[in-house]
Amino acid sequence: MHFHVLTLFPEMVQNGISTSITGRAIARGDIALSTVNIRDYSTEKHKKVDDYPYGGGAGMVMQAQPVYDAWRSVRDALGKDVRTVFLSPQGKVFDQQKARELAGEEDLILLCGHYEGVDERVLEEIGVEEISIGDYVLTGGELAAMVVIDAVSRNVPGVLTNADSGTEESFSEHLLEYPQYTRPEEWMGRRVPEILLSGHHENVAKWRKEQSLLRTKERRPDLYALANGEEMSGSCGKNK
Ligand code: ADE
């Protein structure tokens, strides 16, 4: 899968994604990352990319022309229609389901805004899909794009090796993950739960499932309701 990021801060995205698991996935060729500096596409003599908002108000707005030309450069090089995500707090909130869905794309363009926003006309012309990573406002779309790239990449075949397997992770069935422990058996007077030392795989699996349910019920009652709903429909409406 190839991510194409349109941004005013390409080095920020390159630095963030070229580290750790995503970095290794790039080195292996399981994912690819290209960044395009929107400023390079400004036709203005000082390479300006923003201007005052019509109607007044604080802050600056990114102009349509450099954004559109940067986007066209990627689209034309690929020679096909490419799904384009615009990172913005006005978008639909990103979740694991969306991460899995986007992982099915061969190419994905991510447009990062800055300042007070981007001229609406270029968003309409491109036909962007607006995605937010949560109900708070960032200074720009770059961190949001990195969050999306990271979460999507984990769902691209080959990116997670056995050592960082994602099959039993949080949200795989609307449940939070069970608590994990590693050596030593006792630390600061706290012991690892006995059952995990028993070697009894079935009991361990049962305990983990219970812990997942407990955690989800306590910490995320919204997810718990979803998980419960699925269990009930999976057993023909019987209340488990
Ligand atoms: N840009 C600024 N804030 C954002 C958010 N919460 N999600 C995505 N992009 C953003």
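A few remarks follow.
- Here Arg39, Arg100 are screened, and the one residue that is open to solvent by 40 Å² or more (accessible area, probe 1.4 Å), part of a helix (DSSP H, G or I), touching a Leu at 6+ places or on another chain (Cβ under 9 Å) and charged (D, E, K, R) is Arg39.
- Lone unmet requirement of (1) touching a Phe, Trp or Tyr at 6+ places or on another chain (Cβ under 7 Å); (2) more than 16 Å from the ligand (Cβ to nearest atom); (3) open to solvent by 40 Å² or more (accessible area, probe 1.4 Å); (4) not polar (S, T, N, Q) for His46: (1)
- Residue list for the stretch 18-36, restricted to those being hydrophobic (A, V, I, L, M, F, W, C) and either touching a Pro at 6+ places or on another chain (Cβ under 7 Å) or open to solvent by less than 40 Å² (accessible area, probe 1.4 Å) (or both): Ala25, Ile31, Ala32, Leu33, Val36
- Test: Ala32 is of a type in the set (A, V, I, L, M, F, W, C) and without any contact (Cβ under 8 Å) to a residue 12 or more places away in the chain: no
- Applying the condition of being farther than 13 Å from Leu102 by Cβ and touching a Leu at 6+ places or on another chain (Cβ under 8 Å) to the stretch 75-91 and asking which residue is farthest from the ligand (Cβ to nearest atom) yields Phe86.
- Residue check, Leu108 within 13 Å of the ligand (Cβ to nearest atom) and within 20 Å of Gln14 (Cβ to Cβ): no
- Only one of Thr167, Thr161 that is open to solvent by less than 70 Å² (accessible area, probe 1.4 Å) and at pLDDT below 95: Thr161
- Some residue of the stretch 145-158 being within 12 Å of the ligand (Cβ to nearest atom), open to solvent by 60 Å² or more (accessible area, probe 1.4 Å) and outside any helix (DSSP H, G or I): no
- Selection within the stretch 1-13 - surrounded by fewer than 18 Cβ atoms within 10 Å (Cβ to Cβ) and either assigned to a helix (DSSP H, G or I) or aromatic (Phe, Trp, Tyr) (or both): Glu11
- Condition broken by Glu142, with the remaining ones in (1) near the ligand (Cβ under 9 Å from one of its atoms); (2) within 30 Å of Ser212 (Cβ to Cβ); (3) not aliphatic (A, V, I, L, M) satisfied: (2)
- Some residue of the stretch 51-70 being open to solvent by less than 40 Å² (accessible area, probe 1.4 Å), of a type in the set (Asp, Glu) and over 16 Å from Val148 (Cβ atoms): no
- Residue tally, condition open to solvent by 80 Å² or more (accessible area, probe 1.4 Å) and within 16 Å of the ligand (Cβ to nearest atom), over the stretch 111-127: 3
- Unique residue being charged (D, E, K, R), loosely packed, with under 14 Cβ neighbours inside 10 Å and within 16 Å of the chain's Cα centre (by Cα) when the list is Asp76, Asp95, Asp107, Asp81: Asp95
The values are calculated or read from the model by the stated rules, or taken from the named source; none is laboratory data. This structure is a prediction, so every number in the text was calculated from the model and none was measured. Quick reminder, even Gly has a Cβ in these numbers, built from the backbone with ideal geometry, and neighbours come from all protein chains shown. Accessible surface areas use protein heavy atoms only, side chains included; no ligands, DNA or RNA. Shrake-Rupley method; radii C 1.70, N 1.55, O 1.52, S 1.80 Å.
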